[in-house]
Every structure is written in structure tokens, then in C-alpha cells.
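Below: the structure, in C-alpha cells.
The values are calculated or read from the model by the stated rules, or taken from the named source; none is laboratory data. Computed from a prediction, not measured in an experiment: that's the story for all the values here. As a convention, Cβ positions derive from the backbone with ideal geometry for all residues, glycine included, and neighbour counts pool all protein chains shown. The accessibility values were calculated without ligands, DNA or RNA, using every heavy atom of the protein model including side chains. Shrake-Rupley method; radii C 1.70, N 1.55, O 1.52, S 1.80 Å.
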There are 2 protein chains.
Amino acid sequence: MKNAQIVSIVGKSGSGKTTLLEKLIFELKQRGYKIGSVKHAHDGFEVDKKGKDSWRHRKAGADATLVVSKTKTALIRDEDLNLIEKMQKYLSDTDLIIAEGFKKQSLPKIEVFRLASNHKSPLCMADDKLIGFVTDSDYQPDVPIFGLEDFKEIATLIEDTFLS
Amino acid sequence: MKNAQIVSIVGKSGSGKTTLLEKLIFELKQRGYKIGSVKHAHDGFEVDKKGKDSWRHRKAGADATLVVSKTKTALIRDEDLNLIEKMQKYLSDTDLIIAEGFKKQSLPKIEVFRLASNHKSPLCMADDKLIGFVTDSDYQPDVPIFGLEDFKEIATLIEDTFLS
């Protein structure tokens with residue numbers, strides 16, 4: 001299968017990444033695209049909660065555990081792939097993968113920088129993978145700049161860059 | 001990829017399915033096999049917990065959401081496959097898939113029936129997919145019968161039936 005394009009929404013904690021991501025997913029779904037999303041988590045993430053049967057299977061040594069219901073599938077496994085390889089392995093049947101975070105990966109990025117989040121400066125001013133900047137500040141990196149509510153315009157940037 | 005063999009451990013609630021499954025996974029791993037496990041869950045299962053960022057992505061319409069950490073991968077998606085197709089899609093790179101439950105599926109089954117669980121009778125006396133029966137009762141279906149602690153012998157039955 002062909003690899004899906006990946007774009008990452010980055011920003012410091014409290015900048016509003018998840019909120020922007022929700023709006024972009026919603027907008028791009030409206031436009032007819034199949035969207036995969038990715039969230040980074042710490043190794044102890046709760047998907048694999050202590051004491052649950054699926055956790056007991058894994059603790060006993062299962063290489064992979066699948067939790068299935070009629071409409072949902074959750075797969076829990078350790079594997080020796082880097083983050084981008086995992087995204088491609090599991091989400092390559094989508095039109096676009098939108099990741100939240102992953103600021104250190106070499107992925108096209110859109111940064112959210114919001115004054116109210118009380119961070120002094122943006123993350124990606126010198127990142128040549130930055131393709132868009134979303135802000136209520138006066139920072140002006142040399143990429144298209146959007147206001148915090150401009151999710152339709154940001155979706156269009158994504159569409160023009162990755163989906164056309 | 002070749003389909004992995006599937007065996008299901010069935011039994012009424014409280015019969016000790018998870019405990020047996022843990023021991024079998026542990027034992028079969030010791031014998032060098034790559035094991036996938038499967039647990040059935042209700043549609044609202046917590047892997048996809050309300051309010052978490054991954055839940056927000058999905059609620060916004062993401063077709064699939066991947067939660068990744070350095071060593072774990074969890075994939076959450078709705079898909080229009082039956083349970084056995086899902087097991088094969090995600091676990092076909094293992095030597096054996098051990099499922100917990102799925103008594104209605106047409107899968108080779110090992111039933112656990114424990115007197116202390118206060119159920120009147122076993123589930124699978126008339127199931128022609130029954131390949132083993134694990135019990136402290138006097139029921140004697142026409143398949144190999146094991147005691148509750150005989151996990152090594154049960155692992156050998158599984159090995160002889162599916163892995164040799």
C-alpha cells in the first residue's frame with residue numbers, strides 16, 4: 001500500500017493542539033477524506049490498564065493483544081518500529097495522517113502558538129519542516145500564518161499541500 | 001501472510017478463563033512460539049476513554065487513531081470486519097492466536113468448567129468444535145479432559161493440534 005502523507009500539529013502544552021486537530025479532522029472529513037490520527041503517549045498509557053484481562057494476557061507474555069468489540073478494534077503490542085513506521089503500518093489506508101505532537105520528528109509541521117498558554121516563544125521558528133503557523137501573537141515566521149479560528153483555511157493549506 | 005491458527009478458551013463467567021489463558025500463554029512462550037491473544041469487549045471499552053485526546057480525535061471523526069509510545073502501539077478503529085477477520089488482520093504474524101470467549105464463533109474451543117463458579121452445566125457439550133475440556137467436575141465430553149492445573153498438558157494438546 002502507498003504511504004499516507006503525514007502532517008503534525010505541534011505546539012507547547014496548553015497551546016490548543018487537540019482543539020485544532022479536532023476541527024481539522026472534522027473539516028477534512030466533511031471534504032471527503034479518510035483521516036488517521038496519531039497521539040503520542042507515555043509508555044504506561046492506560047490503553048493497557050493494570051488488572052484488566054488484556055493486560056493480564058500481555059503480562060503473561062502475549063506478543064500482541066487484540067481487544068475487539070462489534071465496532072471497535074484495539075491492538076496493543078510492543079514492536080521495534082520507529083514512530084513514523086508505526087504510523088505508516090497502521091494508517092496507510094487513510095488519505096492523510098494528522099499527528100499531534102512529535103515535534104522532534106522530521107515531519108511537515110503546523111505549529112500552534114497561543115499567547116494565553118504563557119509560553120515565551122514558539123517551538124519551530126527555525127524548523128524547515130514548518131509549513132504553517134497558527135497564532136494570536138506577532139510572530140511571523142516565513143510560512144502561511146493563520147488565526148486560532150482559521151481551521152477552514154488551515155484545512156485548505158493541508159488539502160493543497162498533501163491531498164491534491 | 002498465512003493465517004494464524006486460532007483456539008478459543010471458553011467458559012462461563014468466573015470459570016477461570018483468563019487464569020488458564022495466562023498460564024497457556026506463558027507456557028507456549030517458553031516453548032518458543034509467538035502468541036497473539038484476543039479479548040472480547042463491549043463497544044464502550046475503555047481503550048477509548050471519554051475526554052482523552054485520542055477519544056477527542058475519534059469523536060471529531062478520525063477513521064482510525066493510533067496511540068504510540070516508544071514501546072507500545074494501540075490502534076483504535078471501527079471497521080467492518082467480522083471478529084475472525086480482525087484477528088487474522090492484526091495477528092497473522094503470530095504462530096497461534098489464543099482468544100478468550102467467543103463461544104458463538106465457529107472456532108476450535110477449549111472449555112473451562114469449574115464447580116466453584118456455581119454454574120449448573122458446561123457450555124459446549126454439543127459443540128463439535130470442542131477439542132478439550134478443563135474441569136474439576138464429573139462431566140466427560142468425548143474430548144481430552146484435563147484438571148484445572150494441567151496447563152502444561154493443555155499446552156501440549158494445543159501444540160500437537162495447531163503447531164506441529
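The residue pairs whose first member lies in segment A:22-43 and is without any contact (Cβ under 8 Å) to a residue 60 or more places away in the chain and within 7 Å of chain B (Cβ to nearest Cβ), whose second member is part of a strand (DSSP E or B) and open to solvent by less than 60 Å² (accessible area, probe 1.4 Å), and whose beta carbons are closer than 9 Å, counting only pairs six or more residues apart or on different chains, are A:Lys29/A:Ile35; A:Ala41/B:Val67; A:Ala41/B:Val68; A:Ala41/B:Ala74. Note on segment B:59-92: residues that are under 13 Å from B:Val38 (Cα atoms) and not hydroxyl-bearing (Ser, Thr, Tyr) amount to 8. Here B:Phe133 meets each of (1) assigned to a loop (DSSP other than H, G, I, E, B); (2) aromatic (Phe, Trp, Tyr); (3) within 17 Å of the chain's Cα centre (by Cα) with one exception, condition (1).
Based on this model, can you work out whether A:Gly61 counts as at positive phi, modelled with pLDDT of 90 or more and either within 7 Å of chain B (Cβ to nearest Cβ) or open to solvent by 60 Å² or more (accessible area, probe 1.4 Å) (or both)? Yes; evaluated as a whole, the condition is true for this residue.
Filtering segment B:112-128 to residues that are open to solvent by less than 70 Å² (accessible area, probe 1.4 Å), part of a loop (DSSP other than H, G, I, E, B) and of a type outside the set (A, V, I, L, M) leaves B:His119, B:Ser121, B:Pro122, B:Cys124, B:Asp127. Among the criteria (1) at pLDDT 95 or above; (2) in contact with a Lys or Arg (Cβ under 8 Å, 6 or more places away or on another chain); (3) not in a helix (DSSP H, G or I); (4) not hydroxyl-bearing (Ser, Thr, Tyr), the one B:Val143 does not fulfil is (2).
Annotation note: Cβ proximity below 7 Å between a residue of segment A:89-118 that is more than 13 Å from A:Ile6 (Cα to Cα) and a residue that is among the basic types (Lys, Arg) (sequence gap 6+ or interchain) occurs for A:Val112/A:Lys17; A:Ser117/A:Lys12.
Yes/no per residue for (1) assigned to a strand (DSSP E or B); (2) surrounded by 21 or more Cβ atoms within 10 Å (Cβ to Cβ):
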| residue | (1), (2) |
| --- | --- |
| A:Lys12 | no, no |
| A:Leu24 | no, yes |
| A:Gly36 | yes, yes |
| A:Gly51 | no, no |
| A:Thr71 | no, no |
| A:Ala74 | yes, yes |
| A:Gln88 | no, no |
| A:Ile110 | yes, yes |
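In the condition set (1) part of a helix (DSSP H, G or I); (2) at pLDDT 90 or above, A:Arg56 is compliant with all but (2).
Quick check: anything in segment B:102-114 within 10 Å of another protein chain (Cβ to nearest Cβ) and either closer than 18 Å to A:Ser54 by Cβ or over 19 Å from the mean Cα position of the chain (by Cα) (or both)? Break it down into steps so the answer makes sense when it comes.
Taking segment B:102-114 as the starting set, the residues that turn out to be within 10 Å of another protein chain (Cβ to nearest Cβ) are B:102.
Adding the requirement that they be either closer than 18 Å to A:Ser54 by Cβ or over 19 Å from the mean Cα position of the chain (by Cα) (or both) leaves B:102.
Within segment B:102-114, one or more residues are within 10 Å of another protein chain (Cβ to nearest Cβ) and either closer than 18 Å to A:Ser54 by Cβ or over 19 Å from the mean Cα position of the chain (by Cα) (or both).
Could you grab me the full set of residues in segment B:76-86 that are among the acidic types (Asp, Glu) and either part of a loop (DSSP other than H, G, I, E, B) or touching a residue at least 40 places away in the same chain (Cβ under 8 Å) (or both)? Steps first, answer last, please.
Applying the first criterion (among the acidic types (Asp, Glu)) to segment B:76-86 yields B:78-80, B:85.
Of everything in segment B:76-86, those that are among the acidic types (Asp, Glu) and either part of a loop (DSSP other than H, G, I, E, B) or touching a residue at least 40 places away in the same chain (Cβ under 8 Å) (or both) turn out to be B:Asp78, B:Glu79, B:Asp80.
The condition of being among the charged types (D, E, K, R) and open to solvent by 60 Å² or more (accessible area, probe 1.4 Å) holds for A:Asp80.
Answer with yes or no whether B:Ile98 is closer than 17 Å to B:Lys34 by Cα and of a type in the set (Val, Ile, Thr).
Details: closer than 17 Å to B:Lys34 by Cα: yes; of a type in the set (Val, Ile, Thr): yes.
So B:Ile98 fits the description; yes.
The residue list A:Phe146, A:Phe133 contains one member that is free of Cβ contacts under 8 Å to residues at least 40 places away in the same chain, crowded, with 17+ Cβ neighbours inside 10 Å and touching a helix residue (DSSP H, G or I) at 6+ places or on another chain (Cβ under 8 Å), which is A:Phe146. Can A:Thr19 be described as hydroxyl-bearing (Ser, Thr, Tyr), in a loop (DSSP other than H, G, I, E, B) and open to solvent by 30 Å² or more (accessible area, probe 1.4 Å)? Here the answer is no, as A:Thr19 does not meet what is asked.
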